[in-house]
1. Suppose the chain between A117 and A75 were pulled fully straight at 0.36 nm per residue; how much longer would it get relative to their current alpha carbon spacing?
2. Please give me the summed charge of the neighbours of M22: other residues whose Cβ is under 9 Å from its Cβ, Lys and Arg +1, Asp and Glu -1.
3. Could you work out the local net charge near L139, counting Lys and Arg as +1, Asp and Glu as -1, over the other residues with Cβ closer than 15 Å to its Cβ?
Amino acid sequence: MLLLAACGAAGEKHYKVPSAAMEPTIKEGTTVTARTVKSGDYNPADGDLVVVRPPAAWGVTGSGDLLIRRVVGVAGETIECCDGTDGQIKRDGKPADEPYLSPQGQTASFPPVKVPAGEIYVMEDRRGSGNDSAQHGTLPVGTVIGVVEH
């Protein structure tokens with residue numbers, strides 16, 4: 001999911017979401033507002049919706065090379081998939097509370113991954129439909145450029 005950005009009030013930007021990757025939380029075509037963050041100013045928390053600039057290895061190109069994803073794992077946590085057919089993850093061996101998951105979303109299982117210091121594990125709410133940590137691994141916290149207000 002690539003994002004189209006527009007300026008907002010000081011310290012925020014608006015992004016038009018061009019895909020269904022974050023449904024049902026964010027519908028395709030919706031414009032969201034994100035609080036901009038500078039590298040080193042973001043303290044990640046599970047459940048945050050973030051705007052990230054993924055590394056080139058993720059193969060994201062065009063429209064600003066940005067994605068919206070949900071933080072599902074922070075440094076020190078172990079993430080694995082899946083607890084059920086809807087793509088619900090396990091965090092530190094226990095099913096995560098993920099009421100935002102799309103009932104249509106599924107993802108292939110992956111072995112436990114311990115999130116390293118300074119990294120985050122991000123996924124789509126409609127699991128299995130595109131670029132996220134399940135396919136590419138963790139992201140440096142410094143790739144987060146905004147936190148979506150929801």
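1. Result for the pair: 14.6 nm of gain on full extension.
2. With Lys, Arg at +1 and Asp, Glu at -1, the neighbours total 0.
3. Working: positive: R53, R69, R70, K114; negative: D46, D48, D65, E77, E119, E124, D132.
Charge balance near L139 sits at -3.
Just so you know, all these numbers are worked out from the coordinates, no wet-lab data involved. Worth saying up front: this structure is predicted, and the values here are computed from it rather than measured. Cβ: placed from backbone, ideal geometry, glycine included. Neighbour counts: every protein chain shown.
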